[in-house]
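Remarks on the structure that follows.
The values are calculated or read from the model by the stated rules, or taken from the named source; none is laboratory data. Predicted model, so just to flag it, every value in this text is computed and none were measured. A quick note on method: Cβ atoms are made from the backbone with ideal geometry, for glycine too, and the neighbour counts reach across all protein chains shown.
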Amino acid sequence: MNERQSKKRIEELRAQVEYHAKKYYDEDKPEISDFEYDMLMVELRNLEKKFPQFSSKNSLTQKVGGHVKEGFKKVTHEVPLQSLQDVFSIEEVIDYVNKINEKSKENEIKNNKYIVETKIDGLSAALEYKNGKFVRGATRGNGLIGEDVTENIKTIKTIPMELKENIDITVRGEIFISKSNFEKMNQERQENEEELFANARNAAAGSLRQLDSKITAKRPLDIYIFNVQKIEGKEFNSHFKELEYLDKLGFNVNPVRIPCNSIKDIIEAIEKIGNDRENLTFGIDGAVIKVDDLKFREILGTTAKTPRWAIAYKYPPEKKETKLKDIVCQVGRTGVITPMAILEPIKVAGSTISKTTLHNEDFIKQKELKIGDTVVIQKAGDVIPEIVEVKKGKRTGEEISFKMPKVCPVCGAEAIREEGEAAIRCTGIECPAKLQRNLVHFVSKEAMDIDGLGESIITQLLDKGLIKNIADIYTLKFEDIASLKKNGKKFAQNLIDSINKSKNNDLYKLITALGIRHVGSKASKILAKKYKNIDSLMQATTEDLGRIDDIGPIVAKSIREFFIQDQTIDLIQKLKKSGVNTENLEEESLDNRFEGKTFVLTGSLKKYTRQEASDIIEKFGGKTSSTVSKRTSYVLAGEEAGSKLTKAENLGVEIISEEQFDEMIKL
């Protein structure tokens with residue numbers, strides 16, 4: 001590679017690593033694996049070393065990736081939170097230790113020791129304490145300036161709010177999500193049709209960097225402290241002793257820290273961590289080799305990006321070949337049908353893998369997978385097994401192509417894939433796989449509003465076989481409900497009363513409760529007003545539905561496909577038989593004072609809930625929207641109104657208070 005080619009390649013690599021660093025650090029949505037990113041950095045670093053005339057202080061080889069997210073206050077780190085130099089072979093580790101040992105001799109450092117620790121796969125943060133009390137938490141950011149995430153940090157149960165000594169100290173730790181909690185989170189997200197987290201590190205980073213600390217509080221974040229950044233009134237010579245002191249203060253300290261006296265000890269420690277990594281409850285992406293003597297660390301110093309007294313050894317991702325024996329389909333709680341690979345059992349990264357998700361139809365096509373193929377398995381982030389390659393050269397001709405089912409494998413209802421979506425889903429409302437979720441939605445406040453019939457009670461009713469479909473709610477007996485709780489007679493009577501009351505709900509509540517895809521309470525009101533009863537709605541064609549304002553072709557198709565299903569027809573008949581109202585009860589309003597007007601609600605209203613305010617607006621012929629635009633007529637702003645209020649001010653949209661709204665709706 002000549003000089004001109006090298007310059008071009010360096011520029012290409014810098015653009016690539018900048019892009020992927022932004023995805024990783026700032027957006028928490030990586031598009032390539034850590035190993036692939038590391039290899040880009042290694043190539044860039046080697047080229048910059050070979051051609052120093054093209055080096056730049058703005059290269060990510062010279063600085064820490066990451067920026068401060070908009071919405072957070074900036075925090076300047078008194079002691080920079082640097083990153084580590086990565087190495088990828090034992091030979092590089094030996095070379096590094098030999099150089100450090102030479103430096104120790106030059107500086108007459110006797111008995112130079114090392115500590116080998118796990119490199120936890122998470123998000124680095126600094127915790128600051130004054131007089132033993134927690135005062136501030138900040139992310140690493142670019143190493144010099146981070147984000148103030150104090151309120152979010154307070155939600156992490158393993159972070160002490162008060163230490164066992166009244167001391168001023170700043171420590172550094174790694175915030176992470178355990179392997180088991182990460183798997184649970186992704187399972188729940190898959191069931192709720194939410195985008196899966198790419199890995200545990202990005203799940204932790206995305207959770208900590210939420211602008212709303214209530215969201216962070218719901219995430220299972222944990223932390224291990226691994227360094228003292230600054231301490232007042234105490235002095236240590238040994239990093240190992242420092243960590244022992246942090247233990248005594250009440251910190252959750254990195255549990256894997258192995259003292260080493262020689263290169264042999266270091267290599268054994270790296271191998272031990274590598275062999276034990278599968279048994280660790282948290283994910284790691286390497287082993288860190290640190291000089292133990294803190295005064296010697298000062299002599300060694302740092303570069304702009306990395307300390308010279310530590311390096312990180314990165315374990316290569318383990319890949320194994322196995323057979324794809326079969327592809328079976330599972331149905332999630334939302335009806336999404338997910339293909340699952342059944343594999344010839346193979347041990348990868350310490351655990352036996354016999355199955356893994358194939359995500360969707362597009363993934364199978366992209367990989368050109370066939371049943372009977374020889375495939376390469378890798379563990380993503382040491383947690384999730386995945387198929388990374390098909391060995392097409394090993395095909396015998398007996399392999400079988402796979403096609404996604406046209407009907408649900410659980411209930412036999414039609415399985416459809418909507419335009420623009422990767423998922424194929426079951427359309428059956430009585431599908432056993434979807435039943436619990438459908439029941440929870442059916443009884444919810446915005447739907448049939450059956451007070452007392454929460455998720456835990458529904459689970460008990462299902463477990464005891466007291467309900468097997470949605471309509472069974474209306475055949476529940478007093479004694480069956482009473483048996484669910486000690487002294488449950490009062491509860492049973494209240495629930496029976498609430499169930500009976502729901503029979504008299506307006507039609508739009510029933511339409512909402514049916515959980516038709518893309519149809520919420522707003523569309524349900526439009527449909528109820530247009531068709532007057534459920535029978536007319538069930539007979540409406542896709543073309544008729546598509547001509548209705550605010551419905552459109554996609555929603556129209558979804559409604560039509562829902563109502564032609566045998567399971568839907570069966571459920572409606574059962575609900576009618578149970579006495580559930582299927583007629584529109586709302587009288588036509590003669591007062592259309594808000595006709596042609598669009599309202600956006602923001603902030604907390606004192607007198608009304610959001611739904612109540614929306615109902616009033618719609619009653620007077622108006623519309624509500626969730627976004628502010630030039631077409632917005634009014635923004636009804638309550639207390640603590642946020643970005644919508646700011647946008648309305650910038651666009652010149654009229655902003656009204658709750659008191660002004662009251663005046664507008666007076667008869």
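Couple of notes before you dig in:
- Hey, Lys532 surrounded by fewer than 17 Cβ atoms within 10 Å (Cβ to Cβ) and without any contact (Cβ under 8 Å) to a residue 12 or more places away in the chain or not: no
- Taking the listed residues Ile299, Ile346, the one that is in a strand (DSSP E or B) and either touching a residue at least 60 places away in the same chain (Cβ under 8 Å) or more than 26 Å from the chain's Cα centre (by Cα) (or both) is Ile346, with no other qualifying.
One line per residue, one yes/no per condition, for (1) of a type in the set (S, T, N, Q); (2) surrounded by fewer than 19 Cβ atoms within 10 Å (Cβ to Cβ); (3) on the phi > 0 side of the Ramachandran plot; (4) outside the structural domain of Ile263 (by TED's automatic domain parsing):
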| site | (1), (2), (3), (4) |
| --- | --- |
| Val288 | no, no, no, no |
| Ala304 | no, yes, no, no |
| Gly332 | no, no, no, yes |
| Ser354 | yes, yes, no, yes |
| Asp362 | no, yes, no, yes |
| Lys370 | no, yes, no, yes |
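- Considering Glu268, Glu278, Glu242, the condition of being at pLDDT below 95, in a helix (DSSP H, G or I) and either more than 26 Å from Asn101 (Cβ to Cβ) or acidic (Asp, Glu) (or both) is satisfied by Glu278 alone.
- Flag if Glu389 is within 24 Å of Glu36 (Cα to Cα), outside any helix (DSSP H, G or I) and not hydroxyl-bearing (Ser, Thr, Tyr): yes
- Of the set (1) part of a loop (DSSP other than H, G, I, E, B); (2) in contact with a Gly (Cβ under 8 Å, 6 or more places away or on another chain); (3) buried (at least 18 other Cβ atoms within 10 Å of the Cβ), all apply to Leu453 but (2).
- Which numbered condition Ser124 fails, given (1) touching a Lys or Arg at 6+ places or on another chain (Cβ under 8 Å); (2) surrounded by fewer than 19 Cβ atoms within 10 Å (Cβ to Cβ): (2)
- Taking the listed residues Asn237, Asn227, the one that is at pLDDT 85 or above, surrounded by fewer than 16 Cβ atoms within 10 Å (Cβ to Cβ) and touching a strand residue (DSSP E or B) at 6+ places or on another chain (Cβ under 7 Å) is Asn237, with no other qualifying.
- Pairs where the first residue, in region 635-662, is closer than 20 Å to Phe620 by Cα and the second is among the aromatic types (Phe, Trp, Tyr), C-beta under 6 Å, 6+ apart: Leu636/Phe599; Leu636/Phe661; Glu654/Tyr634; Ile656/Tyr634
- Test: Ile100 is in the same structural domain as Arg257 (by TED's automatic domain parsing), farther than 25 Å from Phe282 by Cα and part of a helix (DSSP H, G or I): yes
- Among the residues listed as Val171, Val135, Val75, the single one being at pLDDT 90 or above and closer than 30 Å to Asn261 by Cβ: Val171
- Selected residue [more than 31 Å from the chain's Cα centre (by Cα) and either at pLDDT below 90 or within 16 Å of Ser521 (Cα to Cα) (or both)] from Thr598, Thr582, Thr624: Thr582
- Flag for Asn112 being more than 30 Å from Gly274 (Cβ to Cβ) and in a loop (DSSP other than H, G, I, E, B): no
- Region 475-519, residues that are touching a Lys or Arg at 6+ places or on another chain (Cβ under 7 Å) and farther than 30 Å from Glu418 by Cα: Ala482, Phe491
- Filtered residues of region 551-567 (kept if touching a residue at least 40 places away in the same chain (Cβ under 8 Å) and assigned to a loop (DSSP other than H, G, I, E, B)): Gln565
- Of all residues making up region 142-168, the number that are modelled with pLDDT under 90 and within 20 Å of the chain's Cα centre (by Cα): 0
- Qualifying residue in region 217-225 (condition: of a type in the set (Val, Ile, Thr) and either assigned to a loop (DSSP other than H, G, I, E, B) or more than 19 Å from Asn112 (Cα to Cα) (or both)): yes
- The lone exception for Leu196 - which of (1) under 19 Å from Ala312 (Cβ atoms); (2) among the aliphatic types (A, V, I, L, M); (3) surrounded by fewer than 16 Cβ atoms within 10 Å (Cβ to Cβ) it fails: (1)
- Out of Lys557, Lys619, Lys577, one residue alone is under 21 Å from Ala513 (Cα atoms) and surrounded by fewer than 12 Cβ atoms within 10 Å (Cβ to Cβ). It is Lys577.
- Strands (runs of 3 or more DSSP E) (entirely within region 568-667) containing at least 2 residues that are over 22 Å from Tyr508 (Cβ atoms): 634-637, 654-656
- Residue satisfying all of: in region 541-550; outside any helix (DSSP H, G or I) and of a type outside the set (Lys, Arg); farthest from Ser626 (Cα to Cα) among these: Thr541
- When residues of region 159-181 are limited to those that are small (Gly, Ala, Ser) and more than 21 Å from His239 (Cα to Cα), the one surrounded by the fewest Cβ atoms within 10 Å (Cβ to Cβ): Ser180
- Selected residue (only one of Ile337, Ile273 is among the β-branched types (Val, Ile, Thr), in a helix (DSSP H, G or I) and either under 30 Å from Asn360 (Cβ atoms) or touching a residue at least 60 places away in the same chain (Cβ under 8 Å) (or both)): Ile273
- Evaluation of Gln567 against (1) out of contact with any strand residue (DSSP E or B) (no Cβ under 6 Å at 6 or more places or on another chain); (2) at pLDDT below 90 (one fails), failing number: (2)
- Scope region 518-537; condition in a helix (DSSP H, G or I) and polar (S, T, N, Q); matching residues: Ser521, Ser524, Ser536
- Some residue of region 250-257 being at positive phi and assigned by TED's automatic domain parsing to the domain that holds Tyr129: yes
- Of all residues in region 473-488, none are buried (at least 16 other Cβ atoms within 10 Å of the Cβ), touching an Asp or Glu at 6+ places or on another chain (Cβ under 9 Å) and not aromatic (Phe, Trp, Tyr).
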